Amino acid sequence: MNVFIIHAHPEPRSLNGALTALAVETLTAAGHAVEVSDLYAMGWKAVADGGDFLARHEPERLAYADESAHAFRDGTQAADVAAEQAKLLRADAVILQFPLWWFSMPAILKGWFDRVYAYGFAYGVGPHEGERWGDRYGEGTLRGRRALVSMTVGGREPHYSARGVNGALEDVLFPIQHGTLFYPGMSVLDPFVVYQCSRLSPERWEEVAAAYRARLAGLFTDPVIPYRRQNGGHYDARQVLKPGLGAGESGTRLHLLRPGEPPEAPLG
């Protein structure tokens, strides 16, 4: 299998760097092909702007999504963008490796998604009419791939519990896991998280490394987060969850399949 790791940390000797190196070693030893985009080492351009297009469809005013659609269709995207899209298409699994900064990913990684997720590649895919508003949330270009968020967190685990001061981790990660990875079709695994990363002892590192090796061993077999597909029959024509579904849940957990609910429609 092909695994694509997108690494976003400015220090190669960081814990994130060690986790990426461990992933490469473990996955390669298991017979997988591994490709890494180290965004800081690459000098990745994080800002989405007119320089992302070799030819402008509308030179007088930048409408980024429209220009993105034309460039993707016409093969006039910036070379670095096209190269990263090719890595995604080659991958059977994608791993995001990053530190949680201000409740999200570092800006350089956000900029990677802003530029690489072109219109027609990751969004704006499929028919947009009637009850179907595109092939998204479980469908789309990247369907069939698995995704894993591996990240380091400075705070303690209780901080990210349902009653913790920072909010439940699944809510903090919902925009990334559901909104960025599941949106274009990837199946998302539970995240691998290292808490109190700045206080990691050598003994604790051995525990973390063993746990990460175990997660990597299940990259293609572990169950994924049971997000509902947009076009699976559970959402109405406004893409709002139908009455009677998600009983007893609220917030982002409404978008998880629950035991006993009617099955989704099969993929076409």
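The values are calculated or read from the model by the stated rules, or taken from the named source; none is laboratory data. Worth saying up front: this structure is predicted, and the values here are computed from it rather than measured. Because the Cβ atoms are built from the backbone with ideal geometry, glycine has one as well, and the counts that use them run over all protein chains shown.
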*asked:* Whether any residue in region 204-219 is farther than 24 Å from Ile6 by Cα, of a type outside the set (Phe, Trp, Tyr) and over 21 Å from the mean Cα position of the chain (by Cα) is what I want to check.
replied: yes
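Would you point out which residue out of Thr141, Thr152 is touching a Cys at 6+ places or on another chain (Cβ under 8 Å) and crowded, with 19+ Cβ neighbours inside 10 Å? Please lay out each step first, then the result.
On the way: Thr141 fails: touching a Cys at 6+ places or on another chain (Cβ under 8 Å).
Within the list Thr141, Thr152, the selection yields Thr152.
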Requested in this report: Could you check, for region 73-80, whether at least one of its residues is crowded, with 19+ Cβ neighbours inside 10 Å, among the hydrophobic types (A, V, I, L, M, F, W, C) and at pLDDT 95 or above?
Outcome: no
Q) Does region 49-67 include one or more residues that are touching a residue at least 60 places away in the same chain (Cβ under 8 Å) and assigned to a helix (DSSP H, G or I)? A) yes
Exercise for review: Answer yes if at least one residue in region 193-201 is more than 30 Å from Ala69 (Cβ to Cβ) and within 13 Å of the chain's Cα centre (by Cα), and no otherwise.
Suggested key: no
Filtering region 25-48 down to residues that are in a loop (DSSP other than H, G, I, E, B) and over 17 Å from Ala107 (Cα atoms) yields Ala30, Gly31, His32
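I need the full set of residues from region 153-211 which are of a type in the set (Phe, Trp, Tyr), assigned to a loop (DSSP other than H, G, I, E, B) and more than 22 Å from Asn16 (Cβ to Cβ), in order please.
Within region 153-211, Tyr183 is the sole residue that qualifies.
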Output for Cβ contacts, cut-off 8 Å, separation at least six or different chains, first residue in contact (Cβ under 8 Å) with a residue 40 or more places away in the chain and of a type in the set (Gly, Ala, Ser) in region 1-15, second surrounded by 18 or more Cβ atoms within 10 Å (Cβ to Cβ) and in a loop (DSSP other than H, G, I, E, B), reads Ala8/Met105; Ala8/Pro106
Item to check | Filter pass, Ala33 being in contact (Cβ under 8 Å) with a residue 12 or more places away in the chain, under 28 Å from Gly120 (Cα atoms) and not acidic (Asp, Glu) | outcome: yes
Scanning region 201-252 residue by residue, those acidic (Asp, Glu), within 30 Å of Thr28 (Cβ to Cβ) and surrounded by 10 or more Cβ atoms within 10 Å (Cβ to Cβ) turn out to be Glu206, Glu207, Asp222
Discussion item. Tell me yes or no: at least one residue of region 38-46 is touching a residue at least 60 places away in the same chain (Cβ under 8 Å), in contact with an Asp or Glu (Cβ under 6 Å, 6 or more places away or on another chain), basic (Lys, Arg) and in the same structural domain as Phe182 (by TED's automatic domain parsing).
Written reply: no
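How many residues are among the hydrophobic types (A, V, I, L, M, F, W, C) and free of Cβ contacts under 8 Å to residues at least 24 places away in the same chain when one looks only at region 101-139?
Of the residues in that region, 2 qualify.
From the residues in region 220-237 that are among the small types (Gly, Ala, Ser) and touching a residue at least 60 places away in the same chain (Cβ under 8 Å), which one is farthest from Ile5 (Cα to Cα)?
Ala237
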